[in-house]
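Below is one structure, written out as structure tokens; the observations come after it.
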Amino acid sequence: MNVLFFLIPKNNVEYLYDTYTIRQALEKMENHRYSSIPVINKEGRYIETLSTSDFLWFIKERDLSIFACEKISIKDIKPYRSNVAIRIDKDITELIDLIANQNFVPVEDDNGVFIGIVTRKAIIDFLRSKIKKID
């Protein structure tokens, strides 16, 4: 079974562009109540995942106001934890290895372009259904 079976396509996923300011990013995350969100560039390539704690520590260390955050790019934030993306042609075993440590796994096509995510919930639900069939 491959990654596509679990994919939430890019058009159904919220993400940030790496050109966003900190304030724009925070407002989008607040609006959707996300604790982490993928970042892509204008070419559509996955860059990284930023979490609310990445923003919090960045702002705290620099003693920034929300107004100062209007002028600072999210490119300046370095994530504490690196969320690894997976290629579309990988199988479920590689996906499970990643999802154990990430809330979601960004998925890239053969050209390295971000095409969506696989959530931990989707994998757990799939595994739960397999266990029920065994019982």
Number of positions in segment 5-54 that are touching a Gly at 6+ places or on another chain (Cβ under 9 Å) and of a type in the set (A, V, I, L, M, F, W, C) = 3
Quick check, is Ile22 touching a residue at least 24 places away in the same chain (Cβ under 8 Å), surrounded by 16 or more Cβ atoms within 10 Å (Cβ to Cβ), out of contact with any strand residue (DSSP E or B) (no Cβ under 6 Å at 6 or more places or on another chain) and among the hydrophobic types (A, V, I, L, M, F, W, C)?
-> yes
Residue list for segment 35-58, filter: surrounded by fewer than 17 Cβ atoms within 10 Å (Cβ to Cβ) and either among the hydroxyl-bearing types (Ser, Thr, Tyr) or assigned to a helix (DSSP H, G or I) (or both) | Ser35, Thr52, Ser53, Leu56, Trp57
Confirm whether Ile96 is in contact with a helix residue (DSSP H, G or I) (Cβ under 9 Å, 6 or more places away or on another chain), of a type in the set (Val, Ile, Thr) and assigned to a helix (DSSP H, G or I).
-> yes
With the checklist (1) under 17 Å from the mean Cα position of the chain (by Cα); (2) assigned to a loop (DSSP other than H, G, I, E, B); (3) in contact (Cβ under 8 Å) with a residue 60 or more places away in the chain in hand, flag the one item Asp89 doesn't pass.
-> (1)
What is the one condition in (1) free of Cβ contacts under 8 Å to residues at least 12 places away in the same chain; (2) on the phi > 0 side of the Ramachandran plot that Glu61 does not satisfy?
-> (2)
Restrict the check to segment 58-72 and report whether at least one residue is within 17 Å of the chain's Cα centre (by Cα) and either at pLDDT below 95 or among the aliphatic types (A, V, I, L, M) (or both).
-> no
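The values are calculated or read from the model by the stated rules, or taken from the named source; none is laboratory data. Here the structure is a predicted model, which is why all the values come from computation and not from measurement. With ideal geometry, Cβ positions are generated from the backbone for all residues, glycine too; neighbour counts draw on all protein chains shown.
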